[in-house]
Amino acid sequence: MWEKNMHDFVPEDMSTFLVGGQSAEVFYENISHTSPTLIKGAYYIHGGAEAKPISVVVQDPVKNIIFKRSDEVQGIILFNSTVPGEYTIIFANFDDS
């Protein structure tokens, strides 16, 4: 899946952030495309065998869930933008620690 979808990945575009136990980090991205456009991203939880899984949800500007993955330590985010506007990307950690 990586080779097919992420061949143009640029490591300089990475961000690092902490998602504490029983919390979430929310990011907003304004997408102005007027026709559906494939949006790509990836996430990786640092920690090896001790890594705690997270859940990822993407909402379009009208709050429809257009992407969802639960309880994973890594993944590729792929979705088509549906309408122009502010998209919400939520990384949630439901673990107590």
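The values are calculated or read from the model by the stated rules, or taken from the named source; none is laboratory data. None of these values were measured; they are calculated from a predicted model. Don't worry about glycine lacking a Cβ; one is built from the backbone with ideal geometry, like all the others, and counts go over all protein chains shown. Just the protein is used for accessible areas: all its heavy atoms, side chains included, with ligands, DNA and RNA removed. Shrake-Rupley method; radii C 1.70, N 1.55, O 1.52, S 1.80 Å.
Over every Cα atom in the chain, the radius of gyration and the widest Cα-Cα span, Dmax, amount to 13.9, 42 Å. Placing R0 at 22 angstrom, the Cβ-Cβ distance between residue 26 and residue 74 gives a FRET efficiency of 0.65 after rounding to 0.05. Protection proxy ranking, highest mean first, for peptides 33-39, 64-70: 64-70, 33-39, where packing is the per-residue count of other beta-carbon atoms within 10 Å, averaged. Heavy-atom accessible surface of residue 8, to the nearest 10 Å², is about 80 Å², with a 1.4 Å probe and all protein chains retained. Would you work out what percent of the accessible area of the chain, with all protein chains in place, is carbon or sulfur (probe 1.4 Å)? On the chain, the fraction of accessible area on carbon and sulfur atoms equals 53 percent.
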